[in-house]
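**Q** One structure coming up, written as structure tokens, with questions to follow.
The values are calculated or read from the model by the stated rules, or taken from the named source; none is laboratory data. From a predicted model like this one, the values you see are computed outputs, not experimental measurements. Counting neighbours? That spans all protein chains shown, and the Cβs are built from the backbone with ideal geometry, glycine included. These accessible areas exclude ligands, DNA and RNA; they are computed on the full protein's heavy atoms, side chains included. Shrake-Rupley method; radii C 1.70, N 1.55, O 1.52, S 1.80 Å.
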Amino acid sequence: MSLFYWTVVIIAGSLIGSFTNVVIHRGPSMWGLVDDATPRGSLLAPRSYCPHCRRPIPAWQMVPIVSYLLQRGRCSACSAKISPRYPLVEFTGILVASAAYVVFGATLAGLFAAVLGWCLVALAVIDWETGFLPDMLTLPLIPLGLAINLGGYFVPIADALIGAAAGYLVFRLIGAAFHKLRGFEGLGQGDAKLAAVIGAWSGWQLLPVAVLAGSVVTLLAILSARAMGKTISAKTEIPFGPGLCAGAFFAVLLVRTAT
Ligand SMILES: [Zn+2]
């Protein structure tokens, strides 16, 4: 632990959190998951704009978290409210980097864990907002996790290969059984691909831990939504993706203690 690395963790975490917001906003429209009258642009162009008035945001207003607070959550040009999702995702970017640094130190394993965490933040919010876990984000993470484990970073490659296959198959089986029993899709294909990601990164041993942690997070979210007065019945479609993303990050932080 050093002051230098903590500075890197906070600056990199917030900047990548800021870029994660761009992925969350533009990704679903780029990948054709949502219909848009006006295209939102690609990941590189145009430069950041206010989603309301589409005026480009000057560089000095793009300081993660700080700009949001200084502008009291409003666009300086049109005064439209800026979603609190922006500073929250930036803050989560810092949390992810901090957790990876605390667990793995300033190592390549720590960097890899942070990369997984940042992708999971994007996946969780996109699933929350659109109901999709985009293939463009889940699928590349499977070979990436396997390659990292081939390099000997988290778990033995055999555990990772079994984990990827088992995660996908078990989720598809549960999903199919649920569909048959209840008549609607409760566990989507995106969830199965995410389970494959968990296996590929953390090995089959930590899959149940990730699923359990994901279930606890989802349950807590349901309970707090109820406490805030939302009605949730057995028919309400509750996305499991965001909870499972949290479980996936939790699992990769545990690889050292589990093996
Ligand atoms: Zn505006």
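**Q** At R0 = 45 Å, how high is the FRET efficiency between Lys180 and Thr257 if r is their beta carbon distance? Nearest 0.05 is fine. Can you show the working numbers first?
**A** Details: r = 38 Å, r/R0 = 0.85.
The calculated FRET efficiency here is 0.75.
**Q** How large is the accessible surface per residue of the chain, computed with a 1.4 Å probe and reported in Å² as a whole number? Write out the running numbers ahead of the final one.
**A** On the way: 13680 Å² over 259 residues.
That works out to 53 Å² for each residue.
**Q** Please turn the phi angles of the range 125-134 into ³J(HN,Hα) values with the Karplus equation 6.51 cos²θ - 1.76 cosθ + 1.60 (θ = phi - 60°), one per residue in order, whole Hz, x for glycine and proline.
**A** Going residue by residue, I get 5, 4, 5, 4, 7, 10, x, 10, 10, x Hz, with x marking Gly and Pro.
**Q** Turning to a different aspect of this structure: Defining a contact as two alpha carbons under 8 Å apart and six or more residues distant in sequence, what relative contact order in percent does the chain show?
**A** Numbers: 367 pairs, mean separation 47.5, N = 259.
Relative contact order here is 18 percent.
**Q** Report the residues of the range 236-258 in range of a label on Ile222: point 7 Å along Cα→C-beta, backbone N strictly under 20 Å from it.
**A** Once the point is set 7 Å along Cα→Cβ of Ile222, 236-248 turn out to lie under 20 Å by backbone N, inside the range 236-258.
**Q** Mind jotting down a quarter of the surface of the convex hull over the alpha carbons of the range 127-223, in square nanometres, one decimal? Could the numbers behind the result be given before it?
**A** Values: hull surface 26.1 nm².
Over every viewing direction, the Cα hull of the range 127-223 projects on average to 6.5 nm².
**Q** With no solvent and one point per C-alpha, what does the Debye sum give as log10 I(q)/I(0) for the range 1-143 at q = 0.09, 0.16, 0.18 Å⁻¹?
**A** Per q value, in the given order, log10 I(q)/I(0) is -0.29, -0.90, -1.09.
**Q** Find the centroid of the Cα atoms in the range 203-227 and in the range 160-189, then give the distance between the two in whole Å.
**A** 16
**Q** Here is a further query. Tell me the carbon and sulfur percent of the accessible area for the range 1-72, rounded to whole percent, probe radius 1.4 Å.
**A** Values: 3190 of 4620 Å².
Within the range 1-72, the accessible surface is 69 percent carbon and sulfur.
**Q** Return one quarter of the surface area of the convex hull spanned by the alpha-carbon atoms of the range 50-134, equal to its mean projected area, in nm².
**A** Details: hull surface 27.0 nm².
Taking a quarter of the hull surface, the average projection is 6.8 nm².
**Q** What's the extension gain from Phe4 to Arg74 if we count 0.36 nm per residue and subtract their Cα-Cα distance? Display every interim value, and only then the final one.
**A** On the way: separation 70, 0.36 × 70 = 25.20 nm, distance 3.30 nm.
Contour length minus the Cα-Cα distance gives 21.9 nm.
**Q** If you don't mind, there's one more thing I want to ask. Give the ranking of Trp31, Trp128, Trp204 by solvent-accessible surface, highest area first, calculated with a 1.4 Å probe.
**A** On the way: Trp31 60, Trp128 175, Trp204 115 Å².
Descending accessible area places them as Trp128, Trp204, Trp31.
**Q** Which FRET efficiency value, to the nearest 0.05, is calculated for His52 and Lys230 with the Förster distance at 22 angstrom and r the Cβ-Cβ distance? Don't jump to the answer; show the numbers that get you there.
**A** Values: r = 26 Å, r/R0 = 1.19.
FRET efficiency, His52 to Lys230: 0.25.
**Q** Further, regarding this structure: Amide H neighbours of Tyr49 under 5 Å, counting only residues 5+ apart in sequence or on other chains, H built in-plane at 1.01 Å?
**A** Long-range HN contacts for Tyr49: Ile57.
**Q** For the range 132-259, which whole-number percentage of the solvent-accessible area (1.4 Å probe, protein heavy atoms only) is attributable to carbon and sulfur atoms?
**A** Values: 4790 of 6640 Å².
Whole-percent figure for carbon plus sulfur exposure: 72.
**Q** Which number comes out as Rg/Rh for the chain once both Rg and the Kirkwood Rh are worked out on C-alpha atoms? Provide the component values of the computation, followed by the final result.
**A** Details: Rg = 19.0 Å, Rh = 19.4 Å.
That ratio equals 0.98.
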